[in-house]
1. Only residues that are crowded, with 23+ Cβ neighbours inside 10 Å, more than 16 Å from Lys280 (Cβ to Cβ) and β-branched (Val, Ile, Thr): list them for the stretch 54-74, please.
2. For a quick check of your reading of the model, give me the residue pairs whose first member lies in the stretch 92-103 and is within 14 Å of Val37 (Cβ to Cβ) and in a helix (DSSP H, G or I), whose second is of a type in the set (Val, Ile, Thr) and at pLDDT 75 or above, with beta-carbon atoms closer than 8 Å and at least 6 apart or on different chains.
3. Hey, among Val284, Val242, which residue is crowded, with 18+ Cβ neighbours inside 10 Å and in contact with a Ser or Thr (Cβ under 8 Å, 6 or more places away or on another chain)?
4. Identify the residue in the stretch 197-218 that is without any contact (Cβ under 8 Å) to a residue 24 or more places away in the chain and either of a type in the set (A, V, I, L, M) or closer than 22 Å to Leu144 by Cα (or both) and, among all such residues, is surrounded by the most Cβ atoms within 10 Å (Cβ to Cβ).
5. Give just the number: which of (1) in contact (Cβ under 8 Å) with a residue 40 or more places away in the chain; (2) of a type in the set (D, E, K, R); (3) within 23 Å of Thr265 (Cα to Cα); (4) surrounded by fewer than 22 Cβ atoms within 10 Å (Cβ to Cβ) does Asp193 not satisfy?
6. Taking the condition modelled with pLDDT under 75, over 23 Å from Val73 (Cα atoms), outside any loop (DSSP other than H, G, I, E, B) and more than 25 Å from the chain's Cα centre (by Cα), does Glu9 pass?
7. Any residue in the stretch 113-125 that is modelled with pLDDT under 80, surrounded by 21 or more Cβ atoms within 10 Å (Cβ to Cβ) and either under 28 Å from Asn32 (Cβ atoms) or not charged (D, E, K, R) (or both)?
8. Across the stretch 272-322, which residue is modelled with the highest pLDDT among those that are within 18 Å of Ile137 (Cβ to Cβ) and among the small types (Gly, Ala, Ser)?
Amino acid sequence: MGFLDKFKEKFTSQTEAVTGKFKDGLLKTRQNLTEKVNDLVARYRKVDEEFFEELEEIFIQADIGFDTVIELVDELKMEAKRKKIQQSELLKEMIVEKLVEIYYGEDENISTLNLPDTGLAVILFVGVNGVGKTTTIGKMAYKLKSEGKRVLLAAGDTFRAGAIEQLEVWGDRTGVEVIKHQEGSDPAAVIYDAIQAAKSRKVDVLLCDTAGRLQNKVNLMKELEKVKRVIQREIPEAPHEVLLVLDATTGQNAMVQAKQFKEATGVTGIVLTKLDGTAKGGIVIAIKKELNIPVKFVGLGEKIDDLQPFDAEAYVYGLFAE
């Protein structure tokens, strides 16, 4: 029994909605990747060096990442040789299994949020303007509240015009209160007040928005470091998560952003927005493999419940479902 058959057997009707969201959300990437792989398999009935060269090119075009692609194809070559596989059709199943293996490694729990069992959990959201950070925070507030948690929002992006109002709209929409100051005020002071409010109201999770752009990159990173210090002064083990929000449609530019924010803020996880809007959804694998940062949530649509916890098997199934 192959991976896809095992997958269908493993997932019950309870999770069919999740796998369906990944399948629908990855339509563009699936058309870009699967159709090209199928075409390649149809043209090369037998596996040879030219077949693998073209396979490399397909993976690179899907933004899986150059280093990851070379490693993946080398492993496929060795596996094909070891199992004496000559028919290209038999390699498709192996490709699917290798992608899941690359993402998970030995840990299948890397995509879950690291929240304490008791006390206040603080999640810091970072990322450049325009990636959907504030929208992601609103959707996360909706998700956590739906799970029965008491949630509070901190409007820490005091520099972008309209950012506070945008977060307030999400607060109204989800029924979650927003702690804010005037536009242009000190973000660290906003976060400090939000922590005090969260403690006094016995809130479970505090979601903190932050600036995405200042005069230059150095100023932005210093501001984020200051915010993090304020949080740790009040709650030494916090922030429990530093989630970097990236726009999947920007491809390799998202990798550059991830490297910069990882160095400055100690990113613990990625939220990848607009995955449904790109044909290069392989960026998920590249981020995990090349930066060792797990993708914890993905945006698979515009609806309030379209922010999904990332599941590597559902993701790969979504890529190769057809």
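The values are calculated or read from the model by the stated rules, or taken from the named source; none is laboratory data. This structure is a prediction, so every number in the text was calculated from the model and none was measured. Cβ sites come from the backbone with ideal geometry, for glycine too, and all protein chains shown count toward neighbours.
1. Scanning the stretch 54-74 gives no hits.
2. Every condition considered, the pairs that remain are Lys92/Val37; Lys92/Val41; Met94/Ile85; Ile95/Val37; Val96/Val316; Leu99/Ile285; Leu99/Val316.
3. Within the list Val284, Val242, the selection yields Val242.
4. Val218
5. Evaluating Asp193 over (1) in contact (Cβ under 8 Å) with a residue 40 or more places away in the chain; (2) of a type in the set (D, E, K, R); (3) within 23 Å of Thr265 (Cα to Cα); (4) surrounded by fewer than 22 Cβ atoms within 10 Å (Cβ to Cβ) leaves (1) as the failure.
6. Taking the combined requirement at face value, the residue satisfies it.
7. Looking through the stretch 113-125, none of the residues is modelled with pLDDT under 80, surrounded by 21 or more Cβ atoms within 10 Å (Cβ to Cβ) and either under 28 Å from Asn32 (Cβ atoms) or not charged (D, E, K, R) (or both).
8. Gly299
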